[in-house]
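A.B. asks: Quick one: the structure is below, questions incoming.
The values are calculated or read from the model by the stated rules, or taken from the named source; none is laboratory data. These numbers were taken from a predicted model, which means no experiment stands behind them. Here the Cβ positions follow ideal geometry from the backbone for every residue, glycine too, while neighbour counts run over all protein chains shown. Surface accessibility is based on the protein's heavy atoms, side chains included, excluding ligands, DNA and RNA. Shrake-Rupley method; radii C 1.70, N 1.55, O 1.52, S 1.80 Å.
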Amino acid sequence: ADVIRRAMIRMEEALEKAKLDDVRMLLQVHDELVFETPESLADMAMPVIRHVMENATMPALDMAVPLKV
C-alpha cells in the first residue's frame, strides 16, 4: 500500500515534467493505477508511468528484488 501511495504522489509531477498534461490518473485498484489519455500520447506516457511506479520506493528503500510494472 505504501509503495503504490508513493507512486501516486509522484505521478503528477513526473507527467508534468514529461509535458504529458493530457494524461490523467483516474483511480487506484489494489496495486494498479488507471489512467486516461489520448491514444496519441499513450506510447509516450507508458515509460514515464512505468519509471515512477518501478522506482516508487527510492530513495527511502532500495529493494533487493526489483519491482516490474
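A.B. asks: Under the 0.36 nm per residue contour assumption, what length would be gained going from the current alpha-carbon distance of Val34 and Met58 to full extension? Walk me through the numbers before you get to the answer.
C.D. replies: Values: separation 24, 0.36 × 24 = 8.64 nm, distance 2.19 nm.
This chain segment gains 6.5 nm when fully extended.
A.B. asks: Where does helix 2-17 land angle-wise versus the long Cα axis of the chain, in degrees 0 to 90, nearest 10?
C.D. replies: Helix 2-17 sits at roughly 40 degrees to that axis.
A.B. asks: Evaluate the chain: find the radius of gyration of its Cα atoms, find its Kirkwood radius, and give the ratio Rg to Rh.
C.D. replies: 0.96
A.B. asks: For the chain, the longest stretch holding no trypsin sites (Lys or Arg not before Pro) located in a DSSP loop with at most 13 other Cβ atoms within 10 Å is which?
C.D. replies: In the chain, the maximal stretch lacking such sites is 20-67.
A.B. asks: Suppose R0 equals 25 Å. What FRET efficiency, 1/(1 + (r/R0)^6) with r the Cβ-Cβ distance, do Ala42 and Asp2 give to the nearest 0.05?
C.D. replies: 0.35
A.B. asks: While we're looking at this one, here's another question. For the chain, what is the accessible area per residue in Å², given a 1.4 Å probe and the full set of protein chains?
C.D. replies: 75
A.B. asks: Right, something else. Report the charge-dipole magnitude of the chain in Debye, nearest 20, computed about the Cα centre from +1 at each Lys and Arg Cβ and -1 at each Asp and Glu Cβ. Show your work: numbers first, answer last.
C.D. replies: Details: 8 positive and 13 negative charges, 41 e Å.
In debye, rounded to 20, the chain gives about 200.
A.B. asks: Using the Cα centre of the stretch 1-57 as origin and beta-carbon charges of +1 (Lys, Arg) and -1 (Asp, Glu), tell me which of Leu41, Val23, Asn55 is placed farthest towards the positive end of the dipole.
C.D. replies: Of Leu41, Val23, Asn55, it is Asn55.
A.B. asks: May I ask you to give the percent of accessible area on the chain that is carbon plus sulfur, with a probe radius of 1.4 Å?
C.D. replies: On the way: 2870 of 5200 Å².
Using a 1.4 Å probe with all protein chains present, the chain comes out at 55 percent carbon and sulfur.
A.B. asks: Let me ask you something else. Helix-only mean residue ellipticity at 222 nm, the chain, DSSP H runs n ≥ 4 weighted -39,500 (n - 2.57), per residue, nearest 500. What is it? All intermediate terms of the calculation are to be shown ahead of the outcome.
C.D. replies: Working: 2 runs with 32 residues, N = 69.
Computed mean residue ellipticity for the chain: -15500 deg cm²/dmol.
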